[in-house]
1. Among the listed residues Leu281, Leu313, which satisfies the condition of being outside the structural domain of Tyr69 (by TED's automatic domain parsing), free of Cβ contacts under 8 Å to residues at least 60 places away in the same chain and surrounded by fewer than 21 Cβ atoms within 10 Å (Cβ to Cβ)?
2. Just for segment 92-111: of the residues that are aromatic (Phe, Trp, Tyr) and under 20 Å from Arg293 (Cβ atoms), which one is most open to solvent (accessible area, probe 1.4 Å)?
3. Within segment 47-91, can you find the residues that are away from ligand 2 (no atom under 14 Å from the Cβ), assigned to a helix (DSSP H, G or I) and open to solvent by 10 Å² or more (accessible area, probe 1.4 Å)?
4. Would you point out which residue out of Gln57, Gln73 is touching a residue at least 60 places away in the same chain (Cβ under 8 Å) and among the polar types (S, T, N, Q)?
5. State yes or no: is Leu200 farther than 30 Å from Thr321 by Cβ, within 16 Å of ligand 2 (Cβ to nearest atom) and under 18 Å from the mean Cα position of the chain (by Cα)?
6. List every residue pair whose Cβ atoms lie under 6 Å apart, where the two residues are 6 or more positions apart in sequence or sit on different chains, the first residue falls within segment 356-370 and is open to solvent by less than 20 Å² (accessible area, probe 1.4 Å), and the second residue, located anywhere, is part of a loop (DSSP other than H, G, I, E, B).
7. Search segment 197-208 for residues that are of a type outside the set (Asp, Glu) and pair each with any residue that is away from ligand 2 (no atom under 12 Å from the Cβ) and part of a loop (DSSP other than H, G, I, E, B) when their beta-carbon atoms are under 9 Å apart and the residues are at least 6 apart or on different chains.
8. Looking only at residues that are among the small types (Gly, Ala, Ser) and surrounded by fewer than 16 Cβ atoms within 10 Å (Cβ to Cβ) in segment 140-171, which one is nearest to Thr321 (Cα to Cα)?
Amino acid sequence: MHDRNSPPQAAPEDSVAIEEARRQLRICNACRYCEGYCAAFRAITRRRDFDGRDILQLANLCHDCRGCYYSCQYAPPHEFALNLPRALAEVRRESWERFAFPQRAARLLQRHGVALLALALAGGLALALLASALGPAGGPAFYAVLSHGWMVAIFLPAFLVPLGLTLAGLRGYWRAVGGERVRPRQLRAALHEALRLSNLGGGHGEGCNFERGERFSLARRRAHHLVLWGFVLCFASTASATVMHYLFAMPAPYPPLSVPKLFGVPGGVMLLVGALWMAALRLWAERAPADGRAFWAGMAFVLLLAAIAASGLLLWLLRDTAGLLHLLTLVHLATVLAFFLSLPFTRMAHAPFRFAALLRDMQERETAGR
Ligand code: SF4
Ligand code: SF4
C-alpha cells in the first residue's frame, strides 16, 4: 500500500513468522469471507499482495478479536491450516522486539513472564537496600521509607529513559511501514478510535470472540476500558500531586477529598478490576489462536498492573498500620519501578504500536478514498 516510488525504507526482512502470515493473508485475500470484520481486513482488501511492511502494519492493526479464526472454513484440521490471529500475533510480537532497543531485553520480556517478576523483585531488593543504607527518611507516607529527593532521583530517569526508547522504537516502526507526515485531523481521528477502543467492539458492535469462541462478547472491550481509564486517572493523580508539591508547597500525604485522591482511588480500583478481568479472560480463552510464546509474559504484564493497583490501594487503606507500611511501600515502589523500566519491552508496547497502526491506517484510507 505504501508508495513504491518513495525512497527505500528499513523494510523488515522476511522472518518465518512474516512468511507464514503472508501465506495466510494471500488465502484470505482470495476468500474475503471476513471482509467486514475489522480494520485489518479492510486494509487487507486494499492490497493485492503483501510485502514485509504491509504485514507489519496489518499485524499491529489486528486487535486479536479472533472472529476470523472461529468463522474460517480453512482453519485446522483443514490442510490450509488458517489461523490468522496467531500468525499476526507472532509478527506483532516480533515487531515489538525488532524496534526495541536493546532488542535482547525485549526478547526476554516479551517471551518470559518470569523475567518481569525477577525485575520487580530486583527493584524491590535494590530499593530496600538503598532505604536501609540511608536510614529512616523521617517523612510522612512514602517518604518515611525513601526521601522525596531520592524518589525523584530514581523514578524520573526510570520513567523518562524508557519513554524515550519507546518513542525511538515507534519512529522505527513508522518509517518501516511507510508512514507519512501526520495531519492534525488524522491524529484526532486515530485518538478518537483509540480512546473509544472502537475496534474492540467488533465489525458490528457485538464485541470480540476472544474468550467465548463463536459467541460474541464485549467483556474484553470493557476490561480494556477499565484499565485504560484507570491508568489515566492514576496518572492524573500523580501529576496533580506533583503540581501540589512543587507549585503549592503541599507535600503528600493527601486527605481523601483532595484532588490526587479523588483521581487516584477510583483509578486504582478501575485498574485493579480491569487487570484481573483481563487476566481471567486470557485464562478462559482458547490457546490455539494465541501466540503461545508470549502467553505467560503477557499474563505477567497484566498481573503487574494488578499488583501496582492493589499495593497502591492497600497503602492508602492501611496508612495507619505502621508495621505494614514499610513493606507495602517497598512492594508498590518496586512494581511501579519494574513497570517503568520494562515499558518498551513488555506487552505495554501494544498500546503505542496499535495507535501508530491506526494512524497509518487513517492515512491509507485517505489515500484510497475510503
Ligand atoms: S480467515 Fe478464513 S474465512 Fe476468513 S477470509 Fe481468511 S480464509 Fe476466508
Ligand atoms: S483476529 Fe479479529 S482483528 Fe485480527 S484479523 Fe482476525 S478478525 Fe481482524
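1. Working: Leu281 fails: free of Cβ contacts under 8 Å to residues at least 60 places away in the same chain.
Going through Leu281, Leu313 in turn, the sole match is Leu313.
2. Looking only at segment 92-111, we keep the residues that are aromatic (Phe, Trp, Tyr), and these are 96, 99, 101.
When the remaining residues are screened for being under 20 Å from Arg293 (Cβ atoms), the result is 96, 99.
On the way: Trp96: 10, Phe99: 34 Å².
Selected residue: Phe99.
3. Arg53
4. Answer to the selection: Gln57.
5. Numbers: farther than 30 Å from Thr321 by Cβ: yes; within 16 Å of ligand 2 (Cβ to nearest atom): yes; under 18 Å from the mean Cα position of the chain (by Cα): yes.
Answer is yes for this residue.
6. What qualifies is Arg360/Val177; Arg360/Gly179; Gln363/Glu180; Glu364/Met1.
7. Ser198/Gly205; Leu200/Leu218; Gly201/Leu218; Gly202/Leu218; Gly205/Leu218; Gly207/Leu218; Cys208/Leu218
8. Of everything passing the filter in segment 140-171, Ala141 is nearest to Thr321 (Cα to Cα).
The values are calculated or read from the model by the stated rules, or taken from the named source; none is laboratory data. For clarity, every value in this text was computed on a predicted model and none was experimentally measured. Don't worry about glycine lacking a Cβ; one is built from the backbone with ideal geometry, like all the others, and counts go over all protein chains shown. Protein only, heavy atoms only, side chains kept; ligands, DNA and RNA dropped before computing areas. Shrake-Rupley method; radii C 1.70, N 1.55, O 1.52, S 1.80 Å.
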